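Step one of this worksheet: look at the structure below.
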Amino acid sequence: KQWYQRRVAITAGIFNAIVWILGLVLFVIGIVVLVEGRNWDDIIDGKTVPVSVMLIIVGLVIAVVGFLGCCGAMKQNGNMLLIYAIILGVIIIVQLIAGILAFIYSDEAIQAGHSGFVGAMAQYDTADGSTTPGVNWLQKHLKCCGIQNASDWRREANKAKIWIKTHINDVPDTCCKRLKYQWNPTPSCGLGQAMGNSDVIHNRGCYTQMINWINTYYPVMAVLAMVLLVFEAIIITISCYFSKDFIQGPIPKQFTNGNNLYT
């Protein structure tokens with residue numbers, strides 16, 4: 001009897017501990033997005049904060065709920081496990097809704113990113129410099145230059161309206177390729193590099209790189225999301241099954257050997 005209860009508690013505890021860890025991972029990702037998002041927040045019209053806050057809240061809730069389920073399993077508290085399963089079911093519904101909405105509005109989000117970068121590029125190098133850090137961050141980390149390509153920075157393109165007042169065919173230094181073990185590009189490396197393909201700069205546009213990034217990682221993220229949902233569904237099933245045993249108490253298996261009864 002005690003052996004059965006311990007096995008049940010350990011099994012449920014391990015699964016719920018994994019959920020707790022996943023919640024902490026989401027929480028940390030939300031913090032990272034919130035901190036790093038300040039670099040490009042002006043480009044996407046302040047949408048970074050709501051997304052990061054949502055990740056933080058969801059991750060924190062999952063972590064707390066996972067801890068609740070882990071405690072319920074280790075303490076063999078069936079009511080706590082049942083409450084945990086119900087809350088986790090609600091979380092699954094929220095995740096499904098969020099995933100469906102993200103899929104439906106994915107094209108709008110991409111277009112908003114494109115429009116935001118167009119506006120940010122037009123205001124690049126302004127006196128207040130509000131969009132300059134975001135453009136620099138994207139070009140540096142996405143290894144891109146301009147919207148479609150580096151020629152967007154040319155005076156004839158008339159896209160970087162402030163920049164072209166003092167630069168004819170230059171690109172920002174963040175368009176430049178970094179040398180090995182070099183964190184920042186060589187100063188003034190972008191002078192005269194907006195004319196065409198160059199070995200010194202990244203010639204692909206940031207919009208193109210963003211689309212490539214989405215096409216590369218979107219299927220991976222979708223698979224991971226489905227795996228997480230299936231895993232959470234399994235956790236709910238296990239928690240409900242074990243909660244019934246903990247509430248009713250495990251029924252010992254009896255074996256008869258002659259006149260003696262063993263449990």
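The values are calculated or read from the model by the stated rules, or taken from the named source; none is laboratory data. These numbers were taken from a predicted model, which means no experiment stands behind them. For neighbour counting, all protein chains shown are included, and Cβ atoms are generated from backbone atoms with ideal geometry for every residue, glycine included. Keep in mind that these areas ignore ligands, DNA and RNA; they rest on the heavy atoms of the full protein, side chains included. Shrake-Rupley method; radii C 1.70, N 1.55, O 1.52, S 1.80 Å.
A few comments on the model shown:
- The range 68-123, residues that are of a type in the set (Phe, Trp, Tyr) and touching a residue at least 40 places away in the same chain (Cβ under 8 Å): TYR84, PHE117
- Answer from ILE21, ILE92, ILE97, ILE43 - the residue that is among the hydrophobic types (A, V, I, L, M, F, W, C), modelled with pLDDT of 80 or more and either touching an Asp or Glu at 6+ places or on another chain (Cβ under 9 Å) or surrounded by 14 or more Cβ atoms within 10 Å (Cβ to Cβ) (or both): ILE92
- For the range 144-160, filtered to residues that are open to solvent by 70 Å² or more (accessible area, probe 1.4 Å) and within 34 Å of the chain's Cα centre (by Cα), the residue that is farthest from MET210 (Cα to Cα) is LYS159.
- Test: residue in the range 178-201 that is in a strand (DSSP E or B) and either out of contact with any Lys or Arg (no Cβ under 6 Å at 6 or more places or on another chain) or open to solvent by 50 Å² or more (accessible area, probe 1.4 Å) (or both): yes
- From the list MET80, MET54, the one residue that fits, being assigned to a helix (DSSP H, G or I) and within 16 Å of the chain's Cα centre (by Cα), is MET54.
- Number of the condition not met by THR166 [criteria: (1) at pLDDT 85 or above; (2) closer than 30 Å to ILE104 by Cβ; (3) surrounded by fewer than 15 Cβ atoms within 10 Å (Cβ to Cβ); (4) of a type in the set (Ser, Thr, Tyr)]: (2)
- The set of residues in the range 49-79 being more than 17 Å from ALA225 (Cβ to Cβ), open to solvent by less than 50 Å² (accessible area, probe 1.4 Å) and in contact with a Leu (Cβ under 8 Å, 6 or more places away or on another chain) consists of SER52, ILE56, ALA63, VAL65, GLY66, GLY69, GLY72, ALA73.
- Check on TYR84, of a type outside the set (Val, Ile, Thr) and open to solvent by 90 Å² or more (accessible area, probe 1.4 Å): no
- Any hit, the range 124-136, residues being within 23 Å of LEU228 (Cβ to Cβ) and surrounded by fewer than 16 Cβ atoms within 10 Å (Cβ to Cβ): no
- Close pairs (6 angstrom Cβ cut-off, 6 or more residues apart or separate chains): at positive phi in the range 144-171, of a type in the set (Phe, Trp, Tyr) and open to solvent by less than 60 Å² (accessible area, probe 1.4 Å) anywhere: GLY146/TRP153
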